[in-house]
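First comes the structure, then the notes that go with it.
What follows draws every value from the coordinates through simple rules; no lab data is involved. None of these values were measured; they are calculated from a predicted model. Here the Cβ positions follow ideal geometry from the backbone for every residue, glycine too, while neighbour counts run over all protein chains shown.
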Amino acid sequence: MIERERLTAHLNDLLRVDAFDDYGPNGLQVEGRARIERIVSGVTASLALVERAVALRADALLVHHGWFWRGEDARVLGPKRRRLAALLGADINLYAYHLPLDAHAELGNNAQLAARLGWQVDARFGRDALGMLGRAPRCATLAELAASVERALGRAPLLVGDPARAVGRLAWCTGAAQGWIEQAAAAGADTYLSGEISEPTVHSARETGVAYLACGHHATERYGVQALGAQLAAQFDLEHFHVDIDNPA
């Protein structure tokens, strides 16, 4: 068991929340009970995940995509009301860490994706050094890289590039970082991987000569919050349950 204030302070320090100008608040977003013994983790604080946390009798819900994003409608209506009512009704704390969780050198989404796929990390690039650079030593060609990603993530990536081409220097940034492809090119990447793809991404890939793989926003960001929950459970003798709510995006 751990006091809410102690857990909040530990997480904020571990993930260096003050170092990021993010799109929403990081840390404790909704206050619940004062003592925490059981944590449920998941990617996004959807109603489905909140309901699973309630069913699992969680004291805290730990997510990557929380609530109260900059520029969103502040009114508590419709889906927002239902999510909040379910959480408050069960007295569950909501912790959300967005860019700080992407960036962490060991527990972050980018670091954990690399660990799952056996990639080597040797440099960082982009805003807040979120993106990573390195090599995929087990994969010689883009076809082999795509197949490795599919095995690990359970979904086939969309590849823009010649499958027979060498992977070369690899750059990656999980989630919706497709717009970073030109930064990846400037950093020396031959291949760039992220979660989503936009119409301009295809042209950027063709014109820079950097191959691009879109591997799924949710699929590439499942592992950071899971690793963080497991670390908290081990350090503070808590129960941890990771719940993966399927999302094809």
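Per-residue ellipticity at 222 nm, computed for the chain from helices alone with -39500 (n - 2.57) per DSSP H run of at least four residues, works out to -10500 deg cm²/dmol.
Over the chain, what is the relative contact order in percent, taking alpha-carbon pairs closer than 8 angstrom and at least six residues apart? In percent, rounded to a whole number, it is 20. Each residue in 23, 223, 192, 95 was given a count of other beta-carbon atoms within 10 angstrom of its own, and listing them fewest first yields 23, 223, 95, 192. Would you mind pulling out the separation of the Cα centroids of segment 107-181 and segment 32-75, in Å? Between the Cα centres of segment 107-181 and segment 32-75 lies a distance of 29 Å. Note: relative contact order over segment 160-249, using C-alpha pairs below 8 Å and six or more positions apart, is 27 percent. All distinct Cα pairs of segment 50-190 go into the 1/r average, and the inverse of that average, the Kirkwood radius, is 17.5 Å. Here the contact order of segment 2-97, divided by its residue count and restricted to Cα pairs under 8 Å and six or more residues apart, works out to 37 percent. Charge dipole of segment 109-220 (Cα centre as origin; +1 on each Lys and Arg Cβ, -1 on each Asp and Glu Cβ, all else neutral): 320 debye, rounded to the nearest 20. The charge dipole of the chain, taken about its Cα centre with unit charges on the Cβ of Lys, Arg, Asp and Glu (plus for the first two, minus for the last two), comes to roughly 360 debye.
Rounded to the nearest 10 degrees, the angle from helix 223-236 to the longest Cα principal axis of the chain is 40 degrees.
Arranged from fewest to most other beta-carbon atoms within 10 Å of their beta carbon, 173, 215 become 215, 173.
Computed from the coordinates I sent, Cα Rg over 2.2 N^0.38 Å equals one of (i) 1.04; (ii) 1.31; (iii) 1.22. Tell me the label. Derived directly from the coordinates: (i).
Calculated on C-alpha atoms, the gyration radius of segment 2-97 divided by its Kirkwood radius gives an Rg/Rh of 0.95.
Both numbers refer to the Cα atoms of segment 159-249; Rg and Dmax are 16.3, 52 Å.
The convex hull drawn around the Cα atoms of segment 111-174, when projected onto a plane and averaged over every direction, covers 4.2 nm².
Out of segment 90-170, which GluC sites (Glu not before Pro) are coil in DSSP terms and have no more than 12 other C-beta atoms within 10 Å? Within segment 90-170, the qualifying GluC sites (Glu not before Pro) (loop, at most 12 other Cβ atoms within 10 Å) are 106. Hey, what angle do you get for helix 142-153 against the long axis of the chain, alpha-carbon based, 0 to 90 degrees rounded to 10? Approximately 10 degrees, to the nearest 10.
Each of 147, 209, 177 was placed along the dipole of segment 109-220 (beta-carbon charges, centred on the mean Cα), and the one lying farthest toward the positive end is 147.
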